[in-house]
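Here is the structure we will look at, set down as structure tokens.
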Amino acid sequence: MRGKFIVFEGPDGSGKTTQQKAVASALCSAICECEPTTGEIGRQIRRALGGEVDCAPETLALLFAADRCEHVRALEKLLDEGKTVLCDRYVFSSIAYQGLELDTAWIAEINRRATERLLPDAVVYVDLPTESCMERIARGRDHTEIFETTERIAKVRENYERAFAMFPSLKLIRIDGAQPPEDVTRDILEKLRGEGLI
Ligand code: TYD
């Protein structure tokens, strides 16, 4: 039987990566994947994100789409082998983040090859209010930076809603990330079980 593909999304500070790992350890044989990937294009993306190489926002968006095209091939293999795959970020992140600077319809278009081939069985969206995201990531930053970051997170959360609306058939599991981490994990597991995905 084909495995289930479950994507974890959320704004910075939402704790989605922690939750992906916690859910994986509660299931015995789930595989954790992430985007950007650990492959060649993923490494290039991380260099660009870290400011080591300068590139236009369009180039970065195309790199994410290319990284995803390669990733989809690997993911399909795992799913065909019947593995449950938990993926930290997918196309919704491109729409949310690259959408800060670029047209979201164009981002969806350059990702169409990937999304036509592989949409998740469910997206676990770990969300919490912008102010709470900030509280979790703000330490050690000055005031201007905090203001900029707050604006950015608010926009990312808005763009996530646009991204989900672009895929009406998507199974979207909304999770309140403001709860204590163990409660968040229990909530995710309950909802995934309720959907028959685990
Ligand atoms: P990630 O490794 O999840 O970092 P973090 O744990 O800090 O969230 O993602 C790295 C960054 O890449 C993150 O800031 C979001 C960004 N990103 C995009 O801008 N577009 C994308 O398509 C993806 C997958 C990630």
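FYI, it's all coordinate maths here, none of it is from the lab. The structure displayed is predicted, hence computed values, not measured ones. Cβ atoms come from the backbone with ideal geometry, glycine included; neighbour counts cover every protein chain shown.
Table for the structure above
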read-out: Selection status of A114, crowded, with 16+ Cβ neighbours inside 10 Å, more than 8 Å from the ligand (Cβ to nearest atom), touching a residue at least 12 places away in the same chain (Cβ under 8 Å) and under 15 Å from the mean Cα position of the chain (by Cα); value: yes
read-out: Listing of helices (runs of 4 or more DSSP H) fully contained in the range 104-191 that carry 2 or more residues being closer than 21 Å to H71 by Cα; value: 104-110, 112-117, 143-165
read-out: Every residue from the range 3-34 that is surrounded by fewer than 19 Cβ atoms within 10 Å (Cβ to Cβ) and among the charged types (D, E, K, R); value: D12, K21
read-out: Residues located in the range 5-42, provided they are more than 10 Å from the ligand (Cβ to nearest atom), within 15 Å of R73 (Cα to Cα) and out of contact with any strand residue (DSSP E or B) (no Cβ under 7 Å at 6 or more places or on another chain); value: T38, G39, E40, I41
read-out: Enumeration of residues in the range 83-111 that are under 18 Å from S169 (Cα atoms) and either surrounded by fewer than 21 Cβ atoms within 10 Å (Cβ to Cβ) or of a type outside the set (S, T, Y) (or both); value: V91, F92, I95, A105, A108, E109, N111
